[in-house]
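The values are calculated or read from the model by the stated rules, or taken from the named source; none is laboratory data. Every value quoted in this text rests on a predicted model; they were computed, and no experiment measured them. As a convention, Cβ positions derive from the backbone with ideal geometry for all residues, glycine included, and neighbour counts pool all protein chains shown. All accessible areas refer to the heavy atoms of the entire protein, side chains included, with ligands and DNA or RNA removed. Shrake-Rupley method; radii C 1.70, N 1.55, O 1.52, S 1.80 Å.
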Amino acid sequence: MSINPDLAVKTGPLNLKNPVLLASGTCGYGIELQGFVDLEKLGGIVVKGLSLEPRSGNPPPRLMETPCGLLNSIGLENVGVDRFISDKLPALSALDTAVIVNILGDSVRDYQELAGILDQVRGIDAIEVNISCPNVRAGGAAFGSDPDMASEVTAAVRKATSLPLIVKLSPNVTDITLIARAVEHAGADAISLINTLLGMSIDIKARRPVLANTFGGLSGPAIKPVALRMVWQAVRAVNIPVIGIGGIQNASDALEFLLAGAAAVQVGTATLVDPLVSVQILEGIRMYMKETGISDISGLPI
Amino acid sequence: MKYLDVRGLVVAHGQVGPGTHILGIRAPEIRKGAKPGQFCMIDLKPPGAIDPLLRRPLSIHRVGPKGLLIFMYKVVGRGTALLSQLSPGGSLRILGPLGNGFRIDQSRPGLLIGGGIGTAPLVFLSEAWPKDVEQVAIIGGRTRADIEYAARCLEDTPSRVHLATDDGSLGHKGPVTDLMSRAMEMFEGRSPVVYSCGPGPMLKAVARMAADFNLECQVSLEARMACGMGLCLGCAVPGSRGDDSADSGYLHVCREGPVFRADQVSWEDYPCP
């Protein structure tokens, strides 16, 4: 018997036509891939993290390849929310796919203000609150590693917008379930994890750290087992949808996260290497569901 | 988007100098749109493998008939060492053509200045050069073996070629900038446009001298790169203050480059390892 599986994600306020999203920081503002990748096939696009004012990011070198991984310290370079809305959003929101805007700030007030601005703009389907970037002193991991601060940011953003709210968590914590529960109680509609793992690399010839910023965030297949474990834990700790991120290179990686209970997945570093991979991942998930006789995506979790 | 991601057949691969190789890939779809100064991202892994994770950016060294793209690269790390072991007959995923390329000014003579492996894209530039426009090339390297092959490629073009090595084993003993000031006399008062590619310290010196002579100077830069498509913003180089194209203070080699006007770059902050 041949089935046509339903891949639509219908969990709470998060409505996606399928569970494959492009992760923030690895797909620009989405429009960079327009005409090359059939973006309308995807469940959604999470754009590069935006701040109130433009940011120049960290000095180079910003990248280092490591075994099965990539260390980066981009430092949240972005055009700022105003230019995103005027220059990038019109083309992006014209696409038939969910537009999820990742936001970051130095203070609770920054996050709240950003959410308030985006709440007034048409063409945005959800906000992803980045409390987990390891590459800047403020505006990132500081909020993501403390349950009270994570909760405070989430509550402030919740007040400022009625858009679906995803909070992106850092893996650089002792107990992911504490933070997951804290943001759930503060009003998050969903959580996404993991952001990058804090790491570094040293140039033994130059006798100094490779990255100008010393530390960077590790992504890529090297981090997948850690990400999967944390997603598994988070799924069992909260009652809101969890979006799995971390080292997904192919459909079988994505399926591991979906079987662990993730409602959707984000493809990040893999897009940098193979920009078409997200569409192939989606097809692979569909194929798996057909082969195993699972007719609805909600039937995947084990 | 004018670039494509295809699987190309490796039709030639060989060593042309110490640690220096040329790689010929048949990729007609990419060859068709390729301009001098553009680059491709080449996946070194066999299908299904995940390491080394990233593709490598290689500038287009020459093009040939039947969709041939030729790259010249130096073995500098794990990725290029792996690449150097690939035999003809195999295939590689190749994404391109990427970046802006050189902007040839047909109204003025060209002064092409290459250093070491940085000569690679200048050979394509020289071969694609308009017939009725004068061109002079200066090639420099540490020693004879570094530049012998590139110099031979250029001698087959209409360019007048001048050579320099640090150790004097081929051509002038000294930096390319020595020859640059001499070459200025050959243009008899007409201002050439400088097109340059090479190591950071050389580009810095060339840019300074071009500014002294009040010449337009285009430099092709390189940086560690992950995507080549402007997605990750990893390949940042410091932009000069007041330059609009560096909207964040940084230029991105893959997105706004790899070819920049020398005055777009903040040379005092430019990393020269």
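Brief remarks follow.
- Counting only strands (runs of 3 or more DSSP E) wholly contained in the stretch B:18-122, the ones carrying 3 or more residues that are among the hydrophobic types (A, V, I, L, M, F, W, C) and away from chain A (no Cβ under 13 Å) occupy B:20-26, B:56-64, B:68-74, B:110-115.
- Condition check for B:ALA137: open to solvent by less than 40 Å² (accessible area, probe 1.4 Å) and farther than 20 Å from B:ILE104 by Cα: no
- In the stretch A:162-200, the qualifying residues are those that are of a type in the set (Ser, Thr, Tyr) and open to solvent by less than 10 Å² (accessible area, probe 1.4 Å), and the one that is farthest from A:SER132 (Cα to Cα) is A:SER192.
- Subset of the stretch B:64-83 (residues that are more than 19 Å from the chain's Cα centre (by Cα) and surrounded by 13 or more Cβ atoms within 10 Å (Cβ to Cβ)): B:GLY67, B:ARG78, B:ALA81, B:LEU82
- Matching entry among B:VAL176, B:VAL123 (being under 30 Å from B:MET229 (Cα atoms) and crowded, with 22+ Cβ neighbours inside 10 Å): B:VAL123
- Test: residue in the stretch A:134-141 that is modelled with pLDDT under 95 and part of a helix (DSSP H, G or I): yes
- Checking A:GLU65 against (1) more than 7 Å from chain B (Cβ to nearest Cβ); (2) buried (at least 18 other Cβ atoms within 10 Å of the Cβ), the condition it does not meet: (1)
- For the stretch B:259-267, the count of residues that are within 9 Å of another protein chain (Cβ to nearest Cβ) and open to solvent by less than 20 Å² (accessible area, probe 1.4 Å) is zero.
- The stretch B:214-231, residues that are open to solvent by less than 10 Å² (accessible area, probe 1.4 Å), of a type outside the set (A, V, I, L, M) and within 7 Å of another protein chain (Cβ to nearest Cβ): B:CYS227, B:GLY230
- Scope the stretch B:215-234; condition small (Gly, Ala, Ser) and closer than 16 Å to B:GLY37 by Cα; matching residues: B:SER220, B:ALA223, B:GLY228
- Any hit, the stretch A:88-102, residues being out of contact with any His (no Cβ under 8 Å at 6 or more places or on another chain), within 14 Å of another protein chain (Cβ to nearest Cβ), over 23 Å from A:ALA264 (Cα atoms) and of a type outside the set (S, T, N, Q): yes
- Put simply, of B:LEU53, B:LEU44, B:LEU4 the only residue that is crowded, with 19+ Cβ neighbours inside 10 Å and at pLDDT below 95 is B:LEU44.
- Checked against (1) within 23 Å of A:LEU255 (Cβ to Cβ); (2) surrounded by 22 or more Cβ atoms within 10 Å (Cβ to Cβ); (3) free of Cβ contacts under 8 Å to residues at least 60 places away in the same chain, A:LEU16 meets all criteria but (3).
- Exactly one residue out of A:ILE294, A:ILE285, A:ILE243 is more than 14 Å from every other protein chain (Cβ to nearest Cβ) and assigned to a strand (DSSP E or B): that is A:ILE243.
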